[in-house]
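What follows is one structure encoded as structure tokens, with my remarks underneath.
The values are calculated or read from the model by the stated rules, or taken from the named source; none is laboratory data. The model shown is predicted, which means the values in this text are computed figures rather than measured ones. Note that we place each Cβ from the backbone using ideal geometry, even for glycine, and neighbour counts take in every protein chain shown. Keep in mind that these areas ignore ligands, DNA and RNA; they rest on the heavy atoms of the full protein, side chains included. Shrake-Rupley method; radii C 1.70, N 1.55, O 1.52, S 1.80 Å.
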Amino acid sequence: MKLVWSPDCALKAYMHTVKSSENCKESGVPELLSAMAAGWNAKLIVESWSHGSPIATSIGLAVAANHTCGRHVCLVPDERSRLEYVKAMQSNGMMSPETTEVVITGESEEVAATLVGIDFMVVDCKRREFIRVLRYAKLSNKGAVLVRKNAYQTCFSGFKWHGVLERGTRVVRSVFLPVGNGLDIAHIGGNTNSTAASGSGGGNLKKSSRSRWIKCVDQKSGEEHVFRG
């Protein structure tokens with residue numbers, strides 16, 4: 001199986017997002033990601049969000065989920081972020097139990113690992129655990145699209161997709177777009193059969209048997225963090 005692109009669905013989601021987020025300003029990022037998620041007919045859309053972040057991208061992803069009849073799941077670090085997120089989405093008329101789920105998690109990767117079949121995922125590079133979220137997420141057998149938002153502001157220099165995904169994961173293509181604060185997008189290839197998830201060509205991201213040490217430097221404080229990926 002593989003992802004199949006639908007230009008008609010992408011256009012509808014794009015236009016819907018333009019109208020829904022006209023009061024939000026995020027340099028075209030919401031419209032682009034909404035069109036991509038809808039165009040790829042994503043059935044499980046996952047994002048990470050935290051207190052003080054813009055809400056426009058979340059609106060776009062909720063719109064996409066509505067057009068694909070899929071799930072939109074937002075991972076937040078604490079109750080404060082959950083309340084702020086829900087309030088912001090409701091004020092924009094986008095919070096619906098049928099399309100958006102908000103999950104509190106202190107360690108986002110623990111929850112990401114319980115979400116099986118992710119085919120579109122957006123992580124925020126301003127939060128240093130984004131690498132662990134990518135590593136532990138279980139992707140759809142048909143493939144997936146992964147997006148690093150705010151890539152210009154990442155605390156991890158020299159990022160490479162092959163460096164954080166499970167060994168053997170097939171990155172079909174990747175592109176860096178100078179949109180907003182930078183979008184780094186990767187298209188992950190699908191499995192050729194249902195048993196490939198444990199093999200070398202899979203789109204499932206599981207913890208690698210060989211851990212890697214990853215250095216992350218906070219650009220604001222200059223503090224260096226080292227953790228096992």
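Exactly one residue out of 47, 84 is within 23 Å of residue 103 (Cα to Cα), open to solvent by 40 Å² or more (accessible area, probe 1.4 Å) and of a type in the set (Asp, Glu): that is 84.
So, in the stretch 15-27, of the ones that are among the small types (Gly, Ala, Ser) and buried (at least 17 other Cβ atoms within 10 Å of the Cβ), which residue ends up modelled with the highest pLDDT?
20
If I filter the stretch 136-150 for residues that are surrounded by fewer than 23 Cβ atoms within 10 Å (Cβ to Cβ), of a type outside the set (A, V, I, L, M), farther than 21 Å from residue 37 by Cα and free of Cβ contacts under 8 Å to residues at least 40 places away in the same chain, do I get at least one hit? Taking every residue of the stretch 136-150 in turn, none turns out to be surrounded by fewer than 23 Cβ atoms within 10 Å (Cβ to Cβ), of a type outside the set (A, V, I, L, M), farther than 21 Å from residue 37 by Cα and free of Cβ contacts under 8 Å to residues at least 40 places away in the same chain.
Step by step: first the residues of the stretch 163-219, then only those that are of a type in the set (Ser, Thr, Tyr) and either open to solvent by less than 30 Å² (accessible area, probe 1.4 Å) or assigned to a strand (DSSP E or B) (or both), then the one that is modelled with the highest pLDDT. Which residue is that? Break it down stepwise before answering.
Going residue by residue through the stretch 163-219, those that are of a type in the set (Ser, Thr, Tyr) are 169, 174, 192, 194-195, 198, 200, 208-209, 211.
Still in the list and also either open to solvent by less than 30 Å² (accessible area, probe 1.4 Å) or assigned to a strand (DSSP E or B) (or both): 169, 174, 208.
Details: 169: 79, 174: 92, 208: 39.
Selected residue: 174.
Listed by first and then second residue, the pairs with beta-carbon distance under 8 Å, at least 6 apart or on different chains, first residue in the stretch 75-91 and farther than 13 Å from residue 62 by Cβ and among the aliphatic types (A, V, I, L, M), second open to solvent by less than 30 Å² (accessible area, probe 1.4 Å) and assigned to a loop (DSSP other than H, G, I, E, B), are 75/49; 75/105; 76/49; 76/50; 76/105.
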